[in-house]
1. If the requirement is being in a helix (DSSP H, G or I), more than 30 Å from L32 (Cβ to Cβ) and at pLDDT 70 or above, which of these qualifies: I250, I238?
2. Hey, could you check region 405-414 for residues that are part of a helix (DSSP H, G or I) and open to solvent by 20 Å² or more (accessible area, probe 1.4 Å) and say which is nearest to L449 (Cα to Cα)?
3. If we keep just the residues of region 24-69 that are touching a helix residue (DSSP H, G or I) at 6+ places or on another chain (Cβ under 7 Å) and small (G, A, S), which is farthest from I269 (Cα to Cα)?
4. Looking at S454, S508, which one is polar (S, T, N, Q) and at pLDDT 85 or above?
5. Within region 318-350, count every residue that is open to solvent by less than 60 Å² (accessible area, probe 1.4 Å), at pLDDT 65 or above and hydroxyl-bearing (S, T, Y).
6. If G438 meets every condition in (1) of a type outside the set (A, V, I, L, M); (2) closer than 21 Å to S508 by Cβ; (3) open to solvent by 20 Å² or more (accessible area, probe 1.4 Å) apart from one, which number is that one?
Amino acid sequence: MADTLNFFRSQDEARGRTTLLVALLSVAIAVLVLSPFVAFMTVYVSNVPQVSWYQPQIFAYTTISMLVIILIGSSIRISELAKGGGAIASQMGASLVAAHTTNSAERVLLNVVEEMALASGLPVPSCYIFAGDRTINAFAAANSSKDAAIAVTQGALANLTRDELQGVVAYVMGHVSNGDTRLSIRFIGVAGGLTAVSDVGQAVIKAGGFVGAEGLKVAVSDGLRSPEDELIGCVGMIFIIVALASLLVITGGFLAVIAAVGLASTYAIQAAVWRQRESLSDAAAVQFTRNPAGLASALKKLAVRGCTIKSASGRGTEWQNFFFAPIRGAVANSDSLRSSIADRIRFIDPTFDGVIPDLPPIDVREEPSHSTPPPLRGVPSPIASPKQLQSVFGSGGTLPLNLRIAASEPVGAMGIVLGLILRQDPALRTQQLAQAQGLAGGEVVKEALKLEVSLRALPAGHRVPLLDVAMPAIRQLSAAQVAEFGQAIDQVGCQADDGLVVLLIHASMRRYLSVAPKRMGKVGDLQASCALVLSAVVQTSGEGTDAQDAAYLKGAKVLGMRHLSLVMIPPEQVDLAEVESALGVIADKSVIDLVRRQLVNACCVAMLSDGKAEPAEIEIIRAVADTLGVSLTAA
């Protein structure tokens, strides 16, 4: 028990150190932005002592110019990554794994990724492979959990056992779950902004050289043709040209230097941050797999086989943090790699003796990847067995085979989403189906009707995981198809009397299908919104009123809001339509992520107040987390 407590305490300490380091980076950037003003005023005051340091116009010109350059550079770099994890994986040289591939190694990868996604409570990410790379490495990228992608090397598939592959996949899923992929993108944005400052500095230096060379050429030529009484003017012109060129070169050099210092500081802080996040993801992998030996064994093999990736080796230092291990340079194939790997193994296995044995070489043969059409009705799809997923669901249940087959291709996945939000009333359900009739020429409606019985028979706790399993197929839709599907989901709608989980699934899908996060309500009283959502979640349990009141109180104390009511809202006053608006208030961009995580955490505490978690409660909380864009493990 003590080891377990120390393990989770280490996770909390790592999160705290990350916050301090990110704050330090913000201070470093602020110092760099102010440095041109300080440098200019230092020179100015030293030459003109009577001048005051209070120069608001000069301060505004220098700081705003620096901020504009940094923001433009950051925006350009971040916009390149805004298309989602799949686009970033493709940029890195990875190839998409088809959902119906017949390649045995790729099938294992798809199965393992699905299992780990369900274990972590995240939508199933798209899968990619670095074909031809014999080393062992993996990659995860995402702007949010809805567009996540995971890639592994061909060497990982050839060298790792299923348990070891689970550990590696769980590790990169941990980065998605903890928000590390978003943090990596921000670091890349900062590096892009500082690189832009360096580029401006280089351009100014070149401009100074050009002004000096061309200006002197013209001035000397004019001087040679001028009469003697005009030579003094030509000499003065030469002096001005030399002074201007020197000023440009010095200014450009100063910008290049502070950019270099800024990049060095960014990389140093990024490396320190990543050591903390690496520990968090190692811990998350152990939580998801419940098998530290698998991850430890994979790390030992990585230390021997190496981890460089040819197609990604040209990327800058700021890109390293998307990966399971370093992708380039001496660090990726040296004794320092073994040392860092040994430290990671000790973190998850304190009994490790530090010895990493050598391994015999393995011939990595790239098996041809073949994609087959979606399976016909009644034909089993080569997917993970029910036994492999039983531990994920806890109660021993799994998803029906026909639903998992449907979830693996776009039309079936859309049919599942539509089927999950259909009304109970036959007349109203007919109206909903009519609203969606135009999707894929009516095929989506046919699929929803075909799956209707299976969807209604799903036990409590299985609807949200099914939605997560369908996400890779949804991601295959084009932008136009996503827009059409999103519009249809909005038109189909749902009502409060369908129940909280249906309302949350509908809201969650609207979030997934939105190019930009959609505001679902007007900005209002945040405390009242949190109280309403927490009350609605608590009231889904089968406990008595007194137990629900106690559960709500525990959750409210975790939220720690000054003006939050410590008394649960009575069930008769909880309007589920208002709950959706309350979620919109909490999901609004004006609310910081910490508040959303605290709310999900409060719901979890309330759920476990009686020492047990009912399937319906788990599903509700997963749906709340999905709607707010929060990972349960991060909360």
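The values are calculated or read from the model by the stated rules, or taken from the named source; none is laboratory data. All figures in this text were calculated on a predicted structure; none of them were measured in a lab. FYI the Cβ positions are ideal-geometry reconstructions off the backbone, even for glycines, and counts take in every protein chain you see. Only protein heavy atoms, including side chains, enter the accessible area calculation; ligands, DNA and RNA are left aside. Shrake-Rupley method; radii C 1.70, N 1.55, O 1.52, S 1.80 Å.
1. I238
2. Step by step, filter region 405-414, then rank; the result is V411.
3. Residue satisfying both the conditions and the ranking: A39.
4. Exactly one residue qualifies, and that residue is S454.
5. Of the residues in that region, 1 qualify.
6. If we test G438 against (1) of a type outside the set (A, V, I, L, M); (2) closer than 21 Å to S508 by Cβ; (3) open to solvent by 20 Å² or more (accessible area, probe 1.4 Å), just (2) comes out false.
The rows are residues; the columns are (1) within 30 Å of I129 (Cβ to Cβ); (2) not β-branched (V, I, T).
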| position | (1), (2) |
| --- | --- |
| V152 | yes, no |
| V169 | yes, no |
| V172 | yes, no |
| G192 | yes, yes |
| A196 | no, yes |
| A203 | no, yes |
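To keep it simple, each residue is scored yes or no on (1) touching a Ser or Thr at 6+ places or on another chain (Cβ under 9 Å); (2) assigned to a helix (DSSP H, G or I); (3) of a type outside the set (K, R); (4) open to solvent by 10 Å² or more (accessible area, probe 1.4 Å).
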| residue | (1), (2), (3), (4) |
| --- | --- |
| L403 | yes, yes, yes, no |
| L418 | no, yes, yes, no |
| A427 | no, yes, yes, yes |
| E447 | no, yes, yes, yes |
